């Protein structure tokens, strides 16, 4: 794999919502290359073995175009690379049951914006921000649930070094900077069940539990070791129920999400919520050469108050991005040529 990106970045001072003085102008280039290989061995006794290896190398370069006596040349280059192995095992246990396990390394670099933004306002690239590296172990089973459904159960653990953690500063609220945590640990499990309840009805439910914590994370002014990782819901349940009657269908969906910590200290949280959606539609209405599929939908049927997303470590407690209230939708899909 080969990738190339070139951008010209301008940063101006924000003067009451108007563009102010120029603070930064630089040409940024990113060159990425990746080499990977993967093999699979199917043994006569039944198990399948998988193994892979990937090497990634990314080069970030910046040419400063805003140089003066007060603003020195911040041109520079950063190179990040890593070797990531992976291996897996798949066993056919009979009776439509599979057992699987895998281990894998991971490598994630900061984006150009993440590596450029620095509280000091200097140009070039942040010399202190490093890539995030991880190692994941996963195992589980999947199979059929009687004659009408399928299920999957998996357990996982991920250890990260240098996790990229966002933050803001009082002097420039709204602009996100990044720093590396020392060590992080994620443990959890997930389960899902898809089933056909009758000839015309089906359902799906999925549950995820994740316990994420900083094992070592010390900044200049605080020690966040052993705190929960912000932005992550420990419990999440997603369910769907659908009825199909000839060309009509009715879909009901529900989502429960647990409290989410929104800052490194765990002092503030986004409250848990339940949101329900409904959709009624008709498929395949013949309009003489055209096929129409009208529908009506209601999102957030119960008009619940909830946050659809959060801004981790936002300054001034501006963590919360509220979701929309009860919303009605009318739609029509048109197809032709069948």
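Just one of 237, 205, 260, 229 is under 22 Å from residue 128 (Cβ atoms), touching a strand residue (DSSP E or B) at 6+ places or on another chain (Cβ under 8 Å) and surrounded by 15 or more Cβ atoms within 10 Å (Cβ to Cβ); which is it?
Working: 237 fails: under 22 Å from residue 128 (Cβ atoms); 205 fails: under 22 Å from residue 128 (Cβ atoms); 260 fails: under 22 Å from residue 128 (Cβ atoms).
Being under 22 Å from residue 128 (Cβ atoms), touching a strand residue (DSSP E or B) at 6+ places or on another chain (Cβ under 8 Å) and surrounded by 15 or more Cβ atoms within 10 Å (Cβ to Cβ) holds for just one of 237, 205, 260, 229, which is 229.
Exactly one residue among 108, 163 is surrounded by 17 or more Cβ atoms within 10 Å (Cβ to Cβ), under 19 Å from residue 230 (Cβ atoms) and in contact with a strand residue (DSSP E or B) (Cβ under 9 Å, 6 or more places away or on another chain), and that residue is 163.
Listed here are the residues, each with its yes/no results for (1) in contact (Cβ under 8 Å) with a residue 60 or more places away in the chain; (2) assigned to a strand (DSSP E or B); (3) closer than 21 Å to residue 242 by Cα; (4) touching a helix residue (DSSP H, G or I) at 6+ places or on another chain (Cβ under 8 Å).
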{"residue": "279", "(1), (2), (3), (4)": "no, yes, yes, no"}
{"residue": "291", "(1), (2), (3), (4)": "no, yes, no, no"}
{"residue": "303", "(1), (2), (3), (4)": "no, no, no, no"}
{"residue": "313", "(1), (2), (3), (4)": "yes, no, no, no"}
{"residue": "321", "(1), (2), (3), (4)": "no, yes, no, no"}
{"residue": "325", "(1), (2), (3), (4)": "no, no, no, no"}
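Within the span defined as region 76-90, every residue fails to be touching a residue at least 12 places away in the same chain (Cβ under 8 Å), surrounded by 12 or more Cβ atoms within 10 Å (Cβ to Cβ), farther than 30 Å from residue 1 by Cα and touching a strand residue (DSSP E or B) at 6+ places or on another chain (Cβ under 9 Å).
Residue 58: surrounded by 14 or more Cβ atoms within 10 Å (Cβ to Cβ), farther than 30 Å from residue 100 by Cβ and at pLDDT 95 or above, yes or no?
yes
Condition check: modelled with pLDDT under 95 and either closer than 26 Å to residue 59 by Cα or crowded, with 17+ Cβ neighbours inside 10 Å (or both). Does residue 126 satisfy that? Reasoning before the result, please.
Values: modelled with pLDDT under 95: yes; either closer than 26 Å to residue 59 by Cα or crowded, with 17+ Cβ neighbours inside 10 Å (or both): yes.
So residue 126 fits the description; yes.
Against the list (1) touching a residue at least 40 places away in the same chain (Cβ under 8 Å); (2) outside any strand (DSSP E or B); (3) closer than 26 Å to residue 180 by Cβ, the condition residue 28 fails is (2).
The values are calculated or read from the model by the stated rules, or taken from the named source; none is laboratory data. Remember, predicted model here, so these are calculated numbers, not experimental data. Cβ atoms come from the backbone with ideal geometry, glycine included; neighbour counts cover every protein chain shown.
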